[in-house]
Amino acid sequence: MPAVAQSPDPWIDNNRRIYALNDFFDRLIIRPVATTYRSLLPRFARQGVGNFFSNVDEINVFVNDLLQFKLGHAVSDTGRFVLNSTVGLGGFLDIASSVGLDKNEEDFGQTLAFWGVGAGPYLVLPVFGASNVRDTFGLVLDTVFNPIQYYRESALRYPLLLLEELDTRAAYLALDDLVVGDRYLFIREAYVQRRNFLVKDGVVEDEFGAF
């Protein structure tokens with residue numbers, strides 16, 4: 001029996017074509033480079049790079065905290081940014097987590113959902129991959145609020161943006177072997193479930209709660 005999508009996928013034929021193109025370039029270039037990056041860079045160095053970009057992302061998270069009226073999270077995320085940017089040497093060390101200031105995950109896709117915007121059909125974007133109509137608009141806003149975009153020196157800005165994407169891809173290498181069956185369907189459903197989880201702040205509806 002074919003898998004039933006948890007999100008409407010009326011553009012499945014076009015989505016599959018874009019997915020295939022993304023997958024081709026991932027296997028040809030991106031995955032090998034990410035594998036080399038992971039092999040050459042010690043784990044503590046990769047962790048530092050990941051921490052740095054996570055700290056940069058705190059600005060975006062803070063804005064979305066405010067837009068969703070999560071004032072407690074806004075205070076916590078401000079504390080994380082200040083602590084990690086100073087004591088944490090510009091964000092390379094995650095000091096905040098060690099003192100109980102855990103990172104929150106908020107973006108403009110979640111904020112649009114908070115304000116009642118529906119997810120819309122599933123959508124595969126060139127380069128960026130799995131998304132939906134709402135999260136695509138959210139991605140544009142997330143990009144606008146990424147401070148790295150505003151570095152004046154392009155010689156620094158573009159390498160940082162590339163390093164951010166490379167580090168993210170390297171972090172997901174361990175998940176590649178978990179994808180089974182139809183890779184397109186697997187990734188689609190994993191994406192939909194993950195976004196629903198984030199939008200609902202981890203609140204899982206128990207379909208059998210009435211029994």
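A few points about this structure:
- Segment 132-200: radius of gyration and largest Cα-Cα distance (Dmax), Å: 15.4, 45
- FRET E, pair L67, R46, Förster distance 41 Å, beta-carbon r, rounded to 0.05: 0.85
- Between D176 and V133, the modelled labels are 3.5 nm apart [label points 7 Å from Cα along Cα→Cβ].
- 5 Å binning of all Cα-Cα separations within segment 36-79, expressed as whole percents from 0 upward: 6, 22, 20, 15, 12, 9, 10, 6, 1
- Cα convex hull of segment 84-126, projected area averaged across orientations, nm²: 5.3 nm²
- Gyration tensor (alpha-carbon) shape descriptor, segment 1-108, a/c threshold 1.5: oblate
- With the highest mean first, a sort of the peptides 82-88, 48-54 on other beta-carbon atoms found within 10 angstrom per residue produces 48-54, 82-88.
- Normalised by 2.2 N^0.38 Å, with N the number of residues, the alpha-carbon radius of gyration of segment 12-199 equals 1.08.
- The chain, dipole about Cα centre (Lys/Arg Cβ +1, Asp/Glu Cβ -1), debye to the nearest 20: 540 debye
- Where a label projected 7 Å from the Cα of Y150 along Cα→Cβ would reach, residues of segment 48-64 with amide N under 12 Å: 59-60
- Span-like helix ranges in the chain, DSSP H, alpha carbon extent 30 angstrom or more, Kyte mean at least -1.0: 43-67
Rule-based calculations on the coordinates, nothing more; no lab input. Since this is a predicted model, take the numbers as computed values, not measurements. No Cβ is skipped: glycine too gets one built from the backbone with ideal geometry, and neighbour counts run over all protein chains shown.
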